[in-house]
Amino acid sequence: MENQEILRTRQQKYAADIFQRVEAFGNQHPMQSTARRKYGAMAHKLPVLVRTAGLAQALAFVATRGDTAQQQLLQDLAHTVDYPDDKTLLEASRTLPFYEYLRLSQKVMAALLWYKRFAQSVLGVEPGEEDEDGGTV
């Protein structure tokens, strides 16, 4: 069993981890709930924010939103990319040397691809839907 773990790609690990996290979140929040919509909406928005504003600014934006569902996405993302919590991930995004920052950005973008896919397939949040704040996904 341990050998199988070693042979899994980063994408496979992310897919399995993220599926479990998104499914658990979905199980805690009924269909059409605001929390589900906000988590899914941010999962769709965050990759664009990272590309346009950079990792540190995008993560800081989510951290300041104050919404529980969006905070949960940030916490889930931190665990997926091997950080103990969102605060540690945020600090790393602000303080890592350049090449490590680029590597972290790549890992986050790879993970966000799966969050986006599972927001759509598991949570039922489609791109183009509006979150509660009126912003489109």
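The values are calculated or read from the model by the stated rules, or taken from the named source; none is laboratory data. A quick note: this is a predicted structure, and the numbers were derived from the prediction, not measured. Backbone-built Cβ (ideal geometry, glycine too); neighbour counts: all protein chains shown.
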In contact (Cβ under 8 Å) with a residue 40 or more places away in the chain, within 20 Å of ALA53 (Cβ to Cβ), touching a Pro at 6+ places or on another chain (Cβ under 7 Å) and not small (Gly, Ala, Ser), is that true of LEU104? no
Would you mention how many residues in segment 20-36 are within 14 Å of the chain's Cα centre (by Cα) and either farther than 26 Å from LYS107 by Cβ or of a type in the set (S, T, N, Q) (or both)? 1
Flag for GLN11 being under 16 Å from LEU123 (Cα atoms), in contact with a helix residue (DSSP H, G or I) (Cβ under 9 Å, 6 or more places away or on another chain) and touching a residue at least 12 places away in the same chain (Cβ under 8 Å): no
Within 27 Å of GLY124 (Cα to Cα), assigned to a helix (DSSP H, G or I) and not polar (S, T, N, Q), is that true of LYS38? yes
Can you name the condition, by its number, that LEU55 falls short on among (1) modelled with pLDDT of 95 or more; (2) of a type outside the set (D, E, K, R); (3) closer than 21 Å to VAL125 by Cα? (3)
Hey, among LEU49, LEU96, which residue is touching a helix residue (DSSP H, G or I) at 6+ places or on another chain (Cβ under 7 Å), more than 23 Å from GLN20 (Cα to Cα) and surrounded by fewer than 17 Cβ atoms within 10 Å (Cβ to Cβ)? LEU96
Farther than 24 Å from HIS29 by Cβ and not in a loop (DSSP other than H, G, I, E, B): which single residue out of ALA69, ALA60, ALA78 fits that description? ALA60
